[in-house]
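Notes follow once the structure below has been shown.
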Amino acid sequence: MLKVFIVDDEAPARAELRFLLEQFPDVEVAGEAASGEEAIELIPGEAPDAVFLDIHLHDRDGVDVGQELYELMVNPPILIFASAYEIHAVRAFETDAVDYIVKPFSEHRLEKTINRVRKLRLQTEQPQAASPPLEERLHSLLQTVLHEKQLRRIPVEKNGKILLLDPDEIVFATLDGRYATIYTECEQFATSFTLQDLENRLSQQLFFRTHRAYIVNLSKTAELVPWFKGAVHLIMQDQRSTEVPVSRNVVKELKRRLGF
């Protein structure tokens with residue numbers, strides 16, 4: 001079994017990453033930490049094989065936490081850094097991180113990371129060849145990160161032009177006739193996608209179908225409001241504080257995703 005530990009200060013992100021990791025039969029999630037200080041306190045005792053470490057923690061810089069773990073532990077864990085931005089990849093990789101994944105990450109991308117961890121653990125039991133120069137590793141990593149970032153863009157329409165929208169900007173999407181309309185914090189965009197098509201293109205980690213006519217970005221959720229007969233509404237983080245309905249049959253799953 002691969003023993004892994006999750007460090008992220010956002011409960012929904014930890015819950016979703018745990019869910020994805022638990023789909024691998026040889027992976028055991030040994031624990032979680034919501035801050036850098038908590039990670040430093042808990043990880044040495046758990047002695048995991050690998051740590052998924054968010055770079056932007058509310059109390060510490062994730063790269064600094066990783067470096068401190070290397071200094072504290074005789075057998076430090078394999079580090080996998082995560083961030084919403086590819087710009088920090090160079091700093092992360094200079095700490096001998098095995099991988100750097102850009103949020104929101106897909107099941108397919110996570111599988112590549114787990115495969116790297118498996119191979120590295122096997123290599124520790126065998127004589128190792130010399131590692132490629134740092135420059136080569138950085139170049140390869142950045143090309144992968146930038147390529148994946150480009151693939152995540154969503155084509156939208158505005159004033160007769162086609163724009164490529166980063167999914168991180170999406171607050172929610174809803175049906176407008178046959179096709180989906182996307183709302184950001186202060187704008188709206190027409191698309192040529194059905195809501196189902198759009199859902200298939202977005203990360204299942206951060207986006208959630210609350211209703212047959214709505215998809216929301218969980219990281220842009222401000223408030224969950226109890227509603228009539230067990231239903232709830234979500235208040236979104238846009239200029240209008242839009243209220244989005246949630247079907248009763250998905251309330252339990254939504255609460256799990258939000259870390260309730």
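The values are calculated or read from the model by the stated rules, or taken from the named source; none is laboratory data. Fair warning: this is a prediction, and the values are worked out from it, not measured in the lab. Every residue, glycine among them, receives a Cβ derived from its backbone with ideal geometry; neighbour counts consider all protein chains shown.
With the structure loaded, tell me whether V117 is over 19 Å from L254 (Cβ atoms) and either at pLDDT 85 or above or over 21 Å from the mean Cα position of the chain (by Cα) (or both) or whether it fails that test. So that I can check it myself, show each step before the final result.
Working: over 19 Å from L254 (Cβ atoms): yes; either at pLDDT 85 or above or over 21 Å from the mean Cα position of the chain (by Cα) (or both): yes.
Yes.
For the range 70-84, what are the residues that are under 22 Å from the mean Cα position of the chain (by Cα) and modelled with pLDDT of 90 or more? Spell out the reasoning first.
Going through the range 70-84, the residues under 22 Å from the mean Cα position of the chain (by Cα) turn out to be 77-84.
Listed by number, the residues that qualify are P77, I78, L79, I80.
Could you please find all residues in the range 234-253 being free of Cβ contacts under 8 Å to residues at least 60 places away in the same chain, under 21 Å from A15 (Cβ atoms) and in contact with a strand residue (DSSP E or B) (Cβ under 6 Å, 6 or more places away or on another chain)?
The answer is L234, I235, V246, S247, V251.
Do we have any residue at all in the range 169-182 that's of a type in the set (G, A, S), free of Cβ contacts under 8 Å to residues at least 40 places away in the same chain, surrounded by 16 or more Cβ atoms within 10 Å (Cβ to Cβ) and not assigned by TED's automatic domain parsing to the domain that holds H108? Can you show your working first?
The initial filter retains those residues of the range 169-182 that are of a type in the set (G, A, S), namely 173, 177, 180.
Then keep just the ones that are free of Cβ contacts under 8 Å to residues at least 40 places away in the same chain; that gives 177, 180.
Applying the additional criterion that residues be surrounded by 16 or more Cβ atoms within 10 Å (Cβ to Cβ) yields 180.
From the residues that got through so far, the ones that are not assigned by TED's automatic domain parsing to the domain that holds H108 too are 180.
Checked against the condition, which is being of a type in the set (G, A, S), free of Cβ contacts under 8 Å to residues at least 40 places away in the same chain, surrounded by 16 or more Cβ atoms within 10 Å (Cβ to Cβ) and not assigned by TED's automatic domain parsing to the domain that holds H108, the range 169-182 yields at least one hit.
Six or more apart or on different chains, Cβ under 9 Å: which pairs go from a residue in the range 42-56 that's closer than 14 Å to A13 by Cβ to one that's surrounded by fewer than 16 Cβ atoms within 10 Å (Cβ to Cβ)? Could you list them?
Matching pairs, first to second residue: I55/D61; I55/Y85; H56/Y85.
When only residues in the range 219-233 that are surrounded by fewer than 13 Cβ atoms within 10 Å (Cβ to Cβ) and charged (D, E, K, R) count, which is nearest to A11 (Cα to Cα)?
Among those residues, the one meeting the criterion is E223.
Inspect all residues belonging to the range 185-194 and state whether any of them is touching a residue at least 40 places away in the same chain (Cβ under 8 Å), crowded, with 16+ Cβ neighbours inside 10 Å and either in a loop (DSSP other than H, G, I, E, B) or touching a strand residue (DSSP E or B) at 6+ places or on another chain (Cβ under 8 Å) (or both). Break it down stepwise before answering.
As a first pass, look at the range 185-194 and keep what is touching a residue at least 40 places away in the same chain (Cβ under 8 Å): 185-186.
Filter again for crowded, with 16+ Cβ neighbours inside 10 Å, leaving none.
No, that holds for no residue.
Looking only at residues that are assigned to a loop (DSSP other than H, G, I, E, B) and in contact with a Lys or Arg (Cβ under 9 Å, 6 or more places away or on another chain) in the range 203-223, which one is nearest to Q239 (Cα to Cα)?
At the first step, the residues of the range 203-223 found to be assigned to a loop (DSSP other than H, G, I, E, B) are 203-206, 212-213.
Cutting the leftovers down to in contact with a Lys or Arg (Cβ under 9 Å, 6 or more places away or on another chain) gives us 203, 205-206.
On the way: S203: 24, Q205: 24, L206: 20 Å.
So the residue we want is L206.
Between a residue in the range 16-27 that is farther than 16 Å from L218 by Cα and any residue that is small (G, A, S) and assigned to a strand (DSSP E or B), which pairs come within a Cβ distance under 7 Å, given they are 6 or more apart or on different chains?
none
Does V27 count as modelled with pLDDT of 90 or more and touching a helix residue (DSSP H, G or I) at 6+ places or on another chain (Cβ under 9 Å)? Let's see the steps before the verdict.
On the way: modelled with pLDDT of 90 or more: yes; touching a helix residue (DSSP H, G or I) at 6+ places or on another chain (Cβ under 9 Å): yes.
Taking the combined requirement at face value, the residue satisfies it.
Does the range 234-244 hold any residues that are buried (at least 16 other Cβ atoms within 10 Å of the Cβ) and in a strand (DSSP E or B), and which are they?
Matches in the range 234-244: L234, M236, V244.
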